[in-house]
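K.L.:
Have a look at the structure that comes next, please.
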Amino acid sequence: MKQCEVLIVGGGPAGSTCAWKLKRAGIEATILDKKIFPRDKICAGWVTPAVVEEIRFDIDDYLAGGRTLQPITGFITGLIHGKEVRSEYTKPVSYGIRRYEFDAYLLERAGAHVADAAPLKTLVRKDDHWVANDAIEAKVVIGAGGHFCPVARSLGVQLGQAETIVAAQEIEFPMTDAQQRDCLAEAHLPELYFCEDLKGYGWVFRKGDYLNVGLGREDNHRLAEHVAAFVQWLKSKRKVPQDMPEKFGGHAYLLYNHAPRPLVAEGVLLIGDAAGLAYPQSGEGIRPAVESAIFAAETLIDAAGNYSPERLAPYQAKMIQRFGARQAKSFTDYLPEGLKRMIGARLMGSPWFTRNVIIDEWFLHSKQAVLVA
Ligand SMILES: Cc1cc2nc3c(=O)[nH]c(=O)nc-3n(C[C@H](O)[C@H](O)[C@H](O)COP(=O)(O)OP(=O)(O)OC[C@H]3O[C@@H](n4cnc5c(N)ncnc54)[C@H](O)[C@@H]3O)c2cc1C
């Protein structure tokens, strides 16, 4: 039986950031991931400067490996079938990355012992420790396995019907020279178009030679139809190549306020999508994933080998202090649908509202201070 102090299930941004932070404090973690890295992850691949700072991301080192890092200096927004509003800035306000490269880079940088192609199949509590896959003994387990995290499942989380998910479809592909000439989407200006019922939005995001197109809704009915109609509309505006590939991949995740998942259990912390942390308005999940990972690592470092419930409780307290208590309903949920659509259409067309509220507040969280780890 292999012994380890900390077992992290999932090597995405949450798991790798937690291992990286622990390693800097002299604690070796073991990471299990069911996939072999580099691996694809369905995602638009947009990260905010806060993430870059919080994980001490070395842009020059990243670029030296020939990886894609697209500076973003603004956004084009609007309603699907509505008019476009451009919000531009004088310096990069975000970056576009490819998850295939970004996640592998972070995992390697973490310097943890990584077992990939190693899905967690069983997790059993024995006395004061955990036994994973009948092969690894760990004093504490971090569930970082994304939306379908088996650690969350083992805590009794009912995945599926019991949760209000964001259902999303996305495609990312390298454009041929002819497609690049045909595509009017600009690399530094991702485009975000909201559904008329405001239950989600679609995007087109050019990153270097790659194009990423997708749509997510907090409602999983007729998603494929929404996606097909969105792509047709983008084609009519020449925002995507006419002959773009058609096979989209699908994935789900949870917005913070609507996630009924625990953060802490006996000998376990859930972080990232496993805990359901994405920002409610934008669906950005990478920043909450790395922030929760940093809080989890800090909690384990302070626990100094004693992972009793009292010593793990500070993780939950830090999360609530940072993200607030989860609130299942907001005041807009009480507005009639028609009124909501009317107000939405009016506000989406306003350059002031778009820049100050939609972009600065909801998407860039410019008032949320960078976490000083
Ligand atoms: C279509 C779409 C677009 C998105 N776009 C953005 C965006 O542009 N910007 C942004 O910030 N967020 C975006 N998000 C959200 C973002 O992708 C997630 O919030 C983020 O990936 C969470 O990171 P994580 O490490 O918690 O989980 P993940 O990145 O999902 O990593 C989980 C890891 O766990 C592993 N795993 C799963 N099951 C097991 C198992 N049984 N055993 C072992 N390992 C396992 C997986 O292989 C994976 O490597 C998007 C999400 C979707 C669906």
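The values are calculated or read from the model by the stated rules, or taken from the named source; none is laboratory data. If you're wondering where the values come from, they're calculated on a predicted model, not measured in any experiment. A quick note on method: Cβ atoms are made from the backbone with ideal geometry, for glycine too, and the neighbour counts reach across all protein chains shown.
K.L.:
Provide a single number: the residues in segment 188-244 that are of a type in the set (Lys, Arg), under 18 Å from the mean Cα position of the chain (by Cα) and farther than 25 Å from Ile343 by Cα.
P.N.:
1
K.L.:
Exactly one of (1) over 29 Å from Ser350 (Cβ atoms); (2) in a strand (DSSP E or B) is unmet by Gly214. Its number?
P.N.:
(1)
K.L.:
When you scan segment 69-126 for strands (runs of 3 or more DSSP E) that lie fully inside it, which ones turn up with 1 or more residues that are among the basic types (Lys, Arg) and surrounded by fewer than 19 Cβ atoms within 10 Å (Cβ to Cβ)?
P.N.:
Numbers: elements: 69-72, 74-79, 85-88, 94-97, 113-115, 123-126.
Those strands (runs of 3 or more DSSP E) span 85-88, 123-126.
K.L.:
Right, Pro260: modelled with pLDDT of 95 or more, over 21 Å from His365 (Cα atoms) and assigned to a loop (DSSP other than H, G, I, E, B) or not? Give the steps one after another, and end with the answer.
P.N.:
Values: modelled with pLDDT of 95 or more: no; over 21 Å from His365 (Cα atoms): yes; assigned to a loop (DSSP other than H, G, I, E, B): yes.
Spelling it out, it is not the case that Pro260 is modelled with pLDDT of 95 or more, over 21 Å from His365 (Cα atoms) and assigned to a loop (DSSP other than H, G, I, E, B).
K.L.:
Filter segment 22-44 down to the residues that are near the ligand (Cβ under 6 Å from one of its atoms) and β-branched (Val, Ile, Thr) and list them by number.
P.N.:
Scanning segment 22-44 gives a single hit, Ile42.
K.L.:
In the set Pro288, Pro309, Pro314, which member is modelled with pLDDT of 95 or more and farther than 23 Å from Glu53 by Cα? Give the derivation first.
P.N.:
Details: Pro288 fails: farther than 23 Å from Glu53 by Cα; Pro309 fails: modelled with pLDDT of 95 or more.
Sole residue among the options that is modelled with pLDDT of 95 or more and farther than 23 Å from Glu53 by Cα: Pro314.
K.L.:
Can you work out which of the residues in segment 317-349 that are assigned to a helix (DSSP H, G or I), charged (D, E, K, R) and modelled with pLDDT of 85 or more is nearest to Tyr193 (Cα to Cα)?
P.N.:
Looking at residues that are assigned to a helix (DSSP H, G or I), charged (D, E, K, R) and modelled with pLDDT of 85 or more, I get Arg346.
K.L.:
Here's another thing I want to ask about it. State all residues of segment 263-288 that are assigned to a loop (DSSP other than H, G, I, E, B), of a type in the set (D, E, K, R) and out of contact with any Pro (no Cβ under 7 Å at 6 or more places or on another chain); if no residue qualifies, say none. Can you show your working first?
P.N.:
Of all residues in segment 263-288, those assigned to a loop (DSSP other than H, G, I, E, B) come to 263, 266-267, 271, 276-277, 279-285.
Next cut, of a type in the set (D, E, K, R) only: 266, 284.
Correct list: Glu284 only.
K.L.:
Would you check which residues across segment 232-286 are closer than 30 Å to Val124 by Cα, near the ligand (Cβ under 8 Å from one of its atoms) and charged (D, E, K, R) and list them?
P.N.:
Passing the criteria: only Asp273.
K.L.:
I would also like to ask the following. Can you find even one residue in segment 226-237 that is touching a residue at least 24 places away in the same chain (Cβ under 8 Å) and in a loop (DSSP other than H, G, I, E, B)?
P.N.:
Looking through segment 226-237, at least one residue is touching a residue at least 24 places away in the same chain (Cβ under 8 Å) and in a loop (DSSP other than H, G, I, E, B).
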